[in-house]
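Before I ask anything, here is the structure I am working with.
Taken together, the values in this text are just the output of simple stated rules run on the coordinates, not laboratory data. In this text the structure is predicted, and so the values were computed from the model without any measurement. Using ideal geometry, Cβ is built from the backbone for each residue, glycine included, and neighbour counts are taken over all protein chains shown.
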Amino acid sequence: VLITAEELGIQVRKLQRSGVKAVLLPFGREGFLAEHKTLDYLPGVLGRSLAARHHAYEGLYVTGTGRVTEGTTSNMFVVRGGR
């Protein structure tokens, strides 16, 4: 297990306070290779391109059932009832 950490830059702290625009992508990361750690960057490149086209900071992958799973460069965390 390898874990690295560093202090967040001031730009990231500003974005955390103000929020960012995100768009739902018309495709998910489902499929044969999605559960494997591979060098398949195509969904990420396409997702970032679509987000930029909509002037958004991030694109969010959505499954066929409408569940948001992750972002092109971010992970998703949900807070429910303060947890």
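Determine the pairs where a residue that is under 12 Å from TYR57 (Cα atoms), located within segment 3-24, has a partner that is of a type in the set (Val, Ile, Thr) and surrounded by 10 or more Cβ atoms within 10 Å (Cβ to Cβ) with Cβ atoms under 7 Å apart, the partner being 6 or more residues away or on another chain.
Correct list of pairs: LEU24/VAL62.
Applying the selection to segment 1-23, what residues are among the small types (Gly, Ala, Ser) and surrounded by fewer than 10 Cβ atoms within 10 Å (Cβ to Cβ)?
ALA5, GLY9, SER18, GLY19
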